[in-house]
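Q: Structure incoming, see below.
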Amino acid sequence: MVAWDYMQRIGFGNQPYLVYKHEDANHPHIHIVTTTIRPDGSPINLHNIGKQLSEPARKAIEMEFDLIPAESMKNSKTLPIDSNAGTKQRISTIVREVVNSYHFSSLDELNYILKQYNITADPGRPDSRIRNNHGLIYSDIDKHGTRTGVAIKASSIYDRPTLKTLEKKFFKEKDKKHLYTSHSIKTINSFLSTKKTISLSEMQEWFEKKRIDIDFIRNTNGGIEDLLIVDNVKKVVLSGKEINITVNQVIAKLHAIADIEQTKTKSSINGNKEQQGNTQAATSPSVLELLNKLLASDYDPTAQLPEFIKKKRKKKRKKP
């Protein structure tokens with residue numbers, strides 16, 4: 001779709017072309033091979049096509065498909081490909097792209113972004129060498145947030161995204177995040193304006209379609225303090241306070257459905273009482289009597305229950 005859109009924008013939409021996806025480099029990209037000769041034999045004018053057509057097309061596509069802007073890669077050197085390419089290269093690629101393209105102002109906010117890729121940035125234990133040197137280790141995490149696999153030192157990743165390095169970014173981004181709030185505000189207000197009440201998982205799915213990861217920030221006691229928003233369109237991490245949207249505004253949409261579900265549950269329980277009574281009434285009296293005897297304090301378990309005494313079958317006498 002990206003290749004087709006690009007070719008249409010630069011006037012090569014009717015030309016035959018071949019697309020090759022290149023994934024063995026630090027940044028996945030595509031190559032397009034085509035011809036400048038039209039089917040009728042006339043040539044396509046390429047004069048200044050880069051500046052007039054290709055560059056505007058590239059910028060428009062980056063915005064439309066939410067790609068990493070080429071400008072952010074101009075000053076980056078191509079990373080050497082690890083001969084043992086695997087976890088280290090994958091984590092390194094994701095971390096570099098997140099750090100270069102997202103707006104965040106704390107380590108927690110960085111981890112909110114990385115969590116979407118099942119990765120975490122760990123500053124190390126208190127008084128550890130990593131913590132004392134303001135370093136970081138990056139590693140995979142499972143669905144419970146537990147670290148798995150081999151940890152990658154920040155110092156071994158190109159650009160060295162250590163805590164010391166990131167703290168400079170935290171300071172710069174803190175006063176810039178307000179420039180990237182429009183999409184989040186518009187989307188959340190759209191959600192709040194809907195009359196339909198939904199569950200928490202349904203709410204998260206709704207926002208996921210808008211490319212927003214939304215959750216709640218909790219205190220040490222588990223109480224909800226604020227909203228957590230990771231906007232993957234504007235590539236920014238925000239709190240509800242930063243965009244003047246309160247937790248209660250969002251929670252109100254969930255409380256309503258919780259009350260409804262609770263009412264339904266109570267109604268279902270009350271409705272089942274009659275059914276349970278009918279079931280008990282239909283239960284065999286002998287079974288109930290047996291249960292009463294088993295539960296009675298003066299019941300002698302050695303006594304033979306008449307309900308279980310088998311009737312003796314009369315043996316037929318053989319005819320002489």
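Q: Can you sort GLU208, GLU109, GLU62 so the residue with the fewest Cβ neighbours within 10 Å comes first?
A: Sorted ascending by nearby Cβ count, the order is GLU208, GLU62, GLU109.
Q: So for HIS178, HIS183, HIS144, HIS103, fewest C-beta neighbours within 10 Å to most, what's the order?
A: HIS144, HIS178, HIS183, HIS103
Q: If you rank ILE32, ILE152 by fewest surrounding Cβ atoms within 10 Å, what's the result?
A: Result, fewest neighbours first: ILE32, ILE152.
Q: Further, regarding this structure: Step through the table entries LYS51/LYS234; LYS115/LYS209; LYS143/LYS253; LYS164/LYS210; LYS59/LYS174; LYS143/LYS168, compare each Cα-Cα distance with 28 Å, and write down the pairs that go over it.
A: LYS164/LYS210; LYS143/LYS168
Q: List the trypsin sites (Lys or Arg not before Pro) in segment 83-175 that DSSP assigns to loop (not H, G, I, E or B) and whose Cβ has at most 11 other Cβ atoms within 10 Å. Which are they?
A: Within segment 83-175, the qualifying trypsin sites (Lys or Arg not before Pro) (loop, at most 11 other Cβ atoms within 10 Å) are LYS143.
Q: Still on this structure: For segment 148-213 and segment 96-112, what is the centre-to-centre distance using only Cα atoms, to the nearest Å?
A: Spelled out, the Cα-based centre of one part sits 8 Å from the other.
Values quoted throughout were computed directly from the atomic coordinates according to the rules given, and no laboratory measurement underlies them. What you see is a predicted model; the values in this text were computed from it and never measured. Here the Cβ is made from the backbone with ideal geometry for all residues, glycine too, and neighbour counts use every protein chain on show.
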